[in-house]
Amino acid sequence: MSAGGKWGLIWLMIATVFVWRQVFSGGREGRLVLWPEGEDGLFIQTEEGGQILVNGGGSRDILRKLSLEMPPGDKQLDLVILTSLTEDHLTGLISVLENYEVDGVLWSGAVTPGPLFQTWEEGLTAEGAEVIIAQAGRKIALGSSSLEVLAPQKNLHRHQLENSKEGEVVWKLEEGGLSFLFLGQIPSQSLAVLEKDELKAEIVEASHLQKTLPWSFWLDLHPSLVIVSGAFPEEDFLSEISLCQTEREGKIVVNF
């Protein structure tokens, strides 16, 4: 190869590195990805590049979906959040623990019978990630972002659950001047004990179960955007609040 050709190749490599850095570092923006109902899972990339995975779906397909959202070859997650011990949340996260380097895991720490839960605990031990027990008032710093747990109200560590949907983890993320509230599948009666002020946020994520909440709830919170895993009757919603539904739109991506 001629000297000119060598220098051309070198400059091409430098330019390529620069472009990738712009895409995956300083030039990046925050992003929230909600996969459709039945593929339960939510991915967040903060403005500083922090990466959070919430729930893992009911299969190993979460690995493919993550690979489409994260930079090529990136196998590191800052935080994994398990909101409840249901199979459609837990199964995929076991595969994530096997294939990714996970810095921290936030979950209730409760116990439920069965081999799936045992495999989850074995995976946590093998991963060696920092385990953070979710309880109201717990705060986690993620660079300039801040995550606060709103529920469960009490410490459920090693508590035997009769129902795998008990102890739903509800949390709020403050990021880039915006606040994001993640309700998940918390029962309405559990939601009623939370303070209205701490539930207020610009963007609210709710599962399909939250469509039973009354107008007064949304009127008090009055977010700018609600994203729903499943469907929400348009006629039963406030017209001045934007609504995105996975049942109609498939995967939802919110840039911030």
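Just so you know, all these numbers are worked out from the coordinates, no wet-lab data involved. Since the model is a prediction, treat every value here as computed from it, not as a measurement. Positions of Cβ are backbone-derived with ideal geometry, glycine not excepted, and every protein chain shown enters the neighbour counts.
Data for the structure
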item: Contour excess over end-to-end distance, with Cα ends at residue 239 and residue 222 and 0.36 nm allotted per residue; result: 5.0 nm
item: Gain in span if fully extended, residue 75 to residue 174, counting 0.36 nm per residue against the direct Cα distance; result: 33.2 nm
item: Spacing of the two label points (7 Å from each Cα toward its C-beta) at residue 198 and residue 131, in nm; result: 2.4 nm
item: Cross-link pairs 65/196; 75/139; 196/251; 65/139; 154/200; 75/251 - those with Cα-Cα distance over 31 Å; result: 65/196
item: Estimated inter-spin distance, residue 163 and residue 111, nm [label 7 Å along Cα→Cβ]; result: 2.2 nm
